[in-house]
Structures are given as C-alpha cells and as structure tokens.
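Take a look at the structure below.
Readers should treat all values here as calculations from the given coordinates under stated rules, not as data from a laboratory. Small disclaimer: the values here were computed from a predicted structure and weren't measured. When we count neighbours, we look across all protein chains shown, and the Cβ atoms used for this are built from the backbone with ideal geometry, even at glycine.
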There are 2 protein chains.
Amino acid sequence: MQKQQTLSRNQKIIFDLIDKSQEPMKAYSILFNVQKKGIKAPLQVYRALDKLVEIGKIHKIESRNAFIACQNSSCQISKATAFSICESCENVSEISNTKLSKYLSNFAESSGMKYSKYNLEFFGLCKKCKSK
Amino acid sequence: MQKQQTLSRNQKIIFDLIDKSQEPMKAYSILFNVQKKGIKAPLQVYRALDKLVEIGKIHKIESRNAFIACQNSSCQISKATAFSICESCENVSEISNTKLSKYLSNFAESSGMKYSKYNLEFFGLCKKCKSK
DNA sequence: TAACACTATGTAATAATATAACATTTACAT
DNA sequence: ATGTAAATGTTATATTATTACATAGTGTTA
Ligand SMILES: [Zn+2]
Ligand SMILES: [Zn+2]
Ligand SMILES: [Zn+2]
Ligand SMILES: [Zn+2]
C-alpha cells in the first residue's frame, strides 16, 4: 500500500470533477466547470492537473489533450498507462492487464535505455460503435 | 511493396526538412524554417504534416507535439508506432520490433474493440544520458 | 515561538499549438 | 473541355499551456 496523498483544496475540486465525468475532460472545460468554485485561471487548473498526474490520480490522454481519473486502483503512479480510445464516440477506457504491463516493462528494460515509464494508446471502434 | 506516394511541393519541402533533422521538429519551428521557401502560414504546415502522417512518412510524437521522419522503411502507414524518448536530452528513436508489434496487435484484436492502430511511447534515459 | 523550507494559491500577461472559413489553383481522368 | 479531387493561399481565431511575480498556508525544527 502506497502512502495516501492528501489533496489540496484546488486539487480536490478538480479531481472530483474529473472523477465524476463519464468522459475525458480538457483543461479549459475543467476551468469552465470550476469557476463557480473560485478557480478562475488556467494556471490554477494546470497546476492541479500536473500534481494529480504526478501522484497517479489522473492520467493524461496525450493524443486528445484530455484527462481521466485513474480507473485502476492499484495504479498509484502514472508510470505504465494504457488506453483504448474510440475514434467514433471518443470513449476512453484504461487498460489494466498485468501480462501486458509486464511484457512492456520487460521490453523496455532490455532495450538499452534506463526505463522510467510508458504510455500506450490503442485506437479503433469501441464495442458499441463497431456494432452500428 | 506499397504504392509510392508522390509528394506535393509543400509536402516535399516539409518532409525534407524533418527528414534531415536530427531531432523531432515542432510545427512552428518547421514553419520558421520553411518561410524562405514561401510557406508562410501555420495551416500550410499543418496540412502537409497531416498528409505526411497519414501516408506514414512521418510520425507525431504525441507527448511532445513534435514530428519525426519514419525511421522504419517498411512502415508505410502510421498504424503501429513505438518510440523511446529520452527525458533528459529529448532524443527520440523509433522502435521497430516485429514481436512487439505482433504482441500489441494481437492484444488489441482480442480486446473487444475494432482495432485500427496504436501508439506507444517509452520514457527514460537514453544510453548516452544514463552513463553521465 | 521564530525561523525556515516547502507546497500551494492568486493574478495578469503571453507563448505555443492548432483549426475554421473562404477563395483560388493544380493535377488528372473522363 | 469538363468535372472532380487534392492542394494551395490567406486571414482570422480557437485551443492548449507556460512565464513571471506576489502572497499565503503547512509542517519541521532550532
Ligand atoms: Zn491508472
Ligand atoms: Zn465508440
Ligand atoms: Zn515508422
Ligand atoms: Zn538522452
């Protein structure tokens, strides 16, 4: 068990919003949604996002510039992330597969670099969209 | 052998620049470098980049918003890309490993989605930087 | 408790990345 | 020559992210 991180006020507001969202959220959409709570500037959002990513509570979907809450309770730090992204409905789900992550970290370890993390994004049509 | 794509004027100018570069190039840096050749607007650059990505001549490094020429002659289309990225010197190299790509496309095929492509980015220290 | 270090916050301005909208031109197949 | 798709040119604007600087809270230790 990792040490439990206490979130600051802004971090908590922003995490709660992302966590409740059914879809990845973009920074300026987050900003718009938290303005009533007193968070008025982009930087306040980006700072909270940076911290939340750092401690693994959220992940950035790089290809979409968007953020989702970690869907994998054991993923306390964002050092090995994998996602399926639907190119039609833009649904994103986090993949949590031990074999896959073992395979990839082994691959990285044997590659000659001093490996610190990876990010993998699969694209295609989700189950719903492919049956349409 | 795939059909050989003929590049248009702007596409060729921009591809040549990226291909000669020793490092990933960002869109506005590309723009700056091709202004003397008559390409004056961001959109001209982005349109060429889009096309070059589509036909697999270059790849976008999503975590860096930068572009590199494909280093894998057999990679005629950007449907399965993998990179090592050095967090110190920002060197990026394309990984071309048949086992890895087989493993990942099999994984995707068996995941329930209608898989179309993936992108994988490893982060860490490259050989040079780790020995410093 | 005072001093210190560290983290977080507030605010304004601006940088960097990317697209929309519209007009025109080129390539090339019928 | 006509139609059509791809590419280009141009202006304006949208979106994403950071710099710089000032202030406030939190916890540790002298
Ligand atoms: Zn996670
Ligand atoms: Zn879908
Ligand atoms: Zn390639
Ligand atoms: Zn390096």
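To one decimal in nm, how far is A:E87 from the same spot in the other copies, if labels go 7 Å from Cα toward Cβ? Please give the shortest first.
Distances to the matching label points in the other copies: 3.1 nm.
Of all beta bridges DSSP finds with both residues in chain B, what is the antiparallel percent, to the nearest 5?
55 percent
If you build a Gaussian network model of chain B, linking Cα atoms that sit under 10 Å apart, which residue out of B:L31, B:L100, B:L49 swings the most?
Per the Cα network of chain B with a 10 Å cutoff, B:L100 tops the list.
Under 10 Å, Cα contacts only: if you run a Gaussian network model on chain B, which one of B:I68, B:I13, B:I58 comes out with the highest mean-square fluctuation?
Ranking B:I68, B:I13, B:I58 by mean-square fluctuation puts B:I13 first.
State to the nearest 20 debye the size of the charge dipole of chain B about its Cα centre, where the only charges are +1 on K and R beta carbons and -1 on D and E beta carbons.
The calculation lands at about 320 debye.
If you keep only loop residues by DSSP, which trypsin sites (Lys or Arg not before Pro) in the range B:1-67 have at most 12 other Cβ atoms within 10 Å of their Cβ?
B:K3, B:K40
With N set to the residue count of the protein assembly as shown, report its C-alpha Rg divided by 2.2 N^0.38 Å to two decimal places.
The value comes to 1.07.
Wrap a convex hull around the Cα atoms of chain B, take a quarter of its surface area, and give that in square nanometres.
9.5 nm²
I'd like to know which of A:S21, A:G38, A:A48 lies farthest towards the positive end of the charge dipole of the range A:6-59, counting +1 on Cβ of Lys and Arg and -1 on Cβ of Asp and Glu.
Working it through, the farthest residue towards the positive pole turns out to be A:G38.
When N counts the residues of the range A:48-117, how does its alpha-carbon radius of gyration compare numerically with 2.2 N^0.38 Å, as a ratio?
1.17
What's the average, rounded to a whole number, of partner chain beta-carbon atoms within 10 Å of each residue's beta-carbon in A:102-108?
4
Percent relative contact order of the range A:1-81, based on C-alpha pairs within less than 8 angstrom and at least six residues apart?
31 percent
Output the pairs from A:K117/B:K57; A:K117/B:K127; A:K128/B:K102; B:K57/B:K128; A:K12/A:K51 with a Cα-Cα distance over 19 Å in this structure; if there are none, say none.
A:K117/B:K57; A:K128/B:K102; B:K57/B:K128
Determine the dipole magnitude for the protein assembly as shown: charges of +1 sit on the beta-carbon of Lys and Arg, -1 on that of Asp and Glu, nothing else is charged, the reference point is the Cα centre, and the result goes in debye to the nearest 20.
Dipole magnitude for the protein assembly as shown comes out near 280 debye.
For B:P42, which inter-copy label distances result when the label point lies 7 Å beyond Cα on the Cα-to-Cβ vector, reported in nm to one decimal and in ascending order?
Values, ascending and in nm: 1.1.
Label-to-label distances across copies for A:E23, with labels 7 Å out along Cα→Cβ, in nm, shortest first?
3.7
Post the alpha-carbon centroid distance, the range A:7-67 to the range B:8-83, in whole angstrom.
Taking the Cα centre of the range B:8-83 as reference, the centre of the range A:7-67 is 31 Å away.
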